[in-house]
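The values are calculated or read from the model by the stated rules, or taken from the named source; none is laboratory data. Computed from a predicted model, the values in this text were never measured in an experiment. Cβ placement follows ideal geometry from the backbone for every residue including glycine, while neighbour counts extend to all protein chains displayed. Heads up: the accessible areas ignore ligands, DNA and RNA and are worked out on the full protein's heavy atoms, side chains in. Shrake-Rupley method; radii C 1.70, N 1.55, O 1.52, S 1.80 Å.
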Amino acid sequence: MNPDFLQYQAQTSPYPLGMEISHALGSYIYDNNNKKYLDFVAGVSACTLGHQNQRVNDAIKNQLDKYSHVMVYGEYSQSPAVEYCKLLASLLPKPLEKTYLVNSGTEATEGALKLARRVTGRSQLISCYNAYHGNTMGSMSVMGFEERKQPFRPLVPDVDFITFNNEADIQKITTKTAGIILESIQGGAGFIQPENDFLLKIRQRCDEVGALMIIDEIQPGFGRTGKLFGFQNYNVIPDVVILGKGMGGGMPVGAFTASAAHMDLLSDNPKLGHITTFGGHPVIAAACLATLKEITETNLIPQTLEKEKLFRSLLVHPLITEIRGKGLMLAAMTTDPEITNQVIFKCQDKGLILFWLLFEGCAIRITPPLTISEAEIREGCAIILEALNEVQIDY
């Protein structure tokens, strides 16, 4: 591991993987020894079209030749951002029509929470246990995992929690509630899908009491679940949708989208109700536009469901208890976090990149680029099975 990496760059954990990256192309990442690794993580669901996608690269280079940052968000009309927001509106159900572009998913969460309070005039926010919506102070406040929050308290007040898929908890949404925020598929919790029309029942309750329904599509969004957005699998339309990760084809970006009537409230009373310097950056917006066009103008989205079937058919092993998730947002579940750890490390040694989930230690993350080929799926799954056969557990 490069010692300068540890000495000069702040770390997120005491034991980073530390692979020294040389380059990446398609579904593969290469280290400084020119060893190639098949990428089943895609930058934690961010590299939707794999590495060095030509359409995205060309869009970035073309925009760089025109102009980069020129003005803070929302003052100048810059065609990459305008074209992107217009295309996005055409692909989303009404009334989701106006988008605020920011720099990351957690910033988008912050904006969505502010919008819920601004629209309703209420303060209470509701989230789910084991939810993850980002790591800044507001988004951490709606994180449903106390161990990660405790050292940073006090956080944003008036936040309550319900259990995902627990219908009895829906009654906790009341006329005091500004908004409830949910992932369309819970990510850090273990790729948990909603059951028994849970999201639809949340929608109905929000309508009854006048609360906003905020759906977090940061990870499921942009084709990963067989629909452009995860909520489209569950017959529900949120008031606010939060976007990020795969939106930029590997570039840093986030956004939140709502009706024009709601979103316009952020521009007045007070003016500058939500501001950002670099949100809507023209180079990033160009990458987003190219990514969205590639996803929607090809058959990548329906292919995710066929690729899911292939993964499920191949990943059969006594140490795998189930495959959770949908499309190419999958988690292979083992019986013990130690098994998961061994498999991830062994696979890296064998040239396959896997990763963990935030709160579920038994889960092996499988979120490859949507462009992953059938041959590459077979190659990676063979490595996983080989690693599973080598696992040693002392009970």
Review point. Rounded to the nearest 0.05, what FRET efficiency is calculated for Asn62 and Lys36 with R0 set to 35 Å and r the Cβ-Cβ distance?
Key: 0.75
Point to revise | Extension reserve of the Val316-Val209 stretch, reckoned as 0.36 nm per residue once the Cα distance is removed | key: 33.9 nm
Revision key, fill the gap. Heavy-atom accessible area of Ser141, protein chains in place, probe 1.4 angstrom, given in Å² to nearest 10, is 10
**Study point:** For the stretch 79-185, accessible area per residue (1.4 Å probe, heavy atoms of protein chains only), Å²
**Key:** 43
Point to revise | Extension gain from Arg55 to Thr175, taking 0.36 nm per residue of separation minus the Cα-Cα distance | key: 38.5 nm
Review point. How large, in percent, is the carbon and sulfur part of the accessible surface of the stretch 124-210 at a probe radius of 1.4 Å?
Key: 50
**Study point:** FRET efficiency, 1/(1 + (r/R0)^6) with R0 22 Å, evaluated for Glu75 and Ser259 via beta carbons
**Key:** 0.45
Check your understanding: Any idea what the relative contact order of the stretch 121-222 is, in percent, if you count C-alpha pairs under 8 Å spaced at least 6 apart?
Key -> 30
Check your understanding: How much of the accessible area of the stretch 333-385, in percent, comes from carbon and sulfur atoms when a 1.4 Å probe is used?
Key -> 55
Check your understanding: Using a basic spin-label model with each label point 7 Å from the Cα along Cα→Cβ, how many nm lie between Arg117 and Leu25?
Key -> 5.0
Study note, to complete from the structure: Here the relative contact order (percent) of the chain, from C-alpha pairs under 8 Å and at least 6 apart, is 23
Review point. Where the Cα atoms of the chain are projected onto their three principal axes, how long is each span, largest first, in whole Å?
Key: 61, 55, 44
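Of all accessible surface on the stretch 211-260 at a 1.4 Å probe, what whole percent is carbon and sulfur?
50
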Review point. Could you give me the ³J(HN,Hα) list for the stretch 258-263, computed from phi with Karplus coefficients 6.51, -1.76, 1.60 and θ = phi - 60°, whole Hz, x at Gly and Pro?
Key: 8, 5, 4, 4, 6, 5
Check your understanding: Given the pairs Lys94/Lys245; Lys227/Lys293; Lys245/Lys326; Lys201/Lys307; Lys98/Lys271, which are separated by over 19 angstrom at their Cα positions?
Key -> Lys94/Lys245; Lys201/Lys307
Exercise for review: Kindly report the accessible area of the stretch 302-392 per residue (heavy atoms of protein chains, probe 1.4 Å, no ligands, DNA or RNA), in Å².
Suggested key: 39
Check your understanding: For the stretch 226-339, what is the convex hull volume of its Cα atoms per residue in Å³?
Key -> 169
Check your understanding: Net charge near Gln392, counting Lys/Arg +1 and Asp/Glu -1 over other residues with Cβ under 12 Å of its Cβ?
Key -> -3
Review point. Sorted by accessible area with a 1.4 angstrom probe, largest first, how do Leu272, Leu314 fall?
Key: Leu272, Leu314
Practice item. Kindly report, to the nearest 10 Å², the accessible surface of Leu265 as traced by a 1.4 Å probe over protein heavy atoms only. Key: 50
Study note, to complete from the structure: So Thr296 and Gln392, fully extended at 0.36 nm per residue minus their Cα-Cα distance, gain in nm 30.1 nm
Revision key, fill the gap. Square roots of five times the C-alpha gyration tensor eigenvalues of the stretch 304-393, ordered largest first and given in whole Å, equal 19, 14, 12
Exercise for review: For Asn135, put the label point 7 Å out on the Cα→Cβ axis and report which residues of the stretch 330-357 keep their amide N under 17 Å from it.
Suggested key: 355-357
Point to revise | In sequence order, calculated HN-Hα J values of the stretch 378-385 (Karplus, 6.51, -1.76, 1.60; Hz; x Gly/Pro) | key: 5, 4, x, 5, 4, 5, 4, 5
Check your understanding: Once phi is turned into θ = phi - 60°, what whole-Hz ³J(HN,Hα) does the Karplus curve with 6.51, -1.76 and 1.60 give for every residue of the stretch 304-311, x standing for Gly and Pro?
Key -> 4, 6, 5, 5, 4, 4, 5, 4
Revision key, fill the gap. Quick calc: nm separation of the 7 Å Cα→Cβ label points for Asn2 and Asn341 -> 2.7
Check your understanding: Between Thr277 and Thr163, what FRET efficiency follows from the Cβ-Cβ distance if R0 is 45 Å, with the result rounded to 0.05?
Key -> 0.70
Revision key, fill the gap. Note on the stretch 5-113: C-alpha Rg/Rh, Kirkwood Rh, two decimals, gives 1.03
**Study point:** Phe152-Lys309 pseudo-label distance in nm [points 7 Å out on the Cα-to-Cβ vector]
**Key:** 4.2
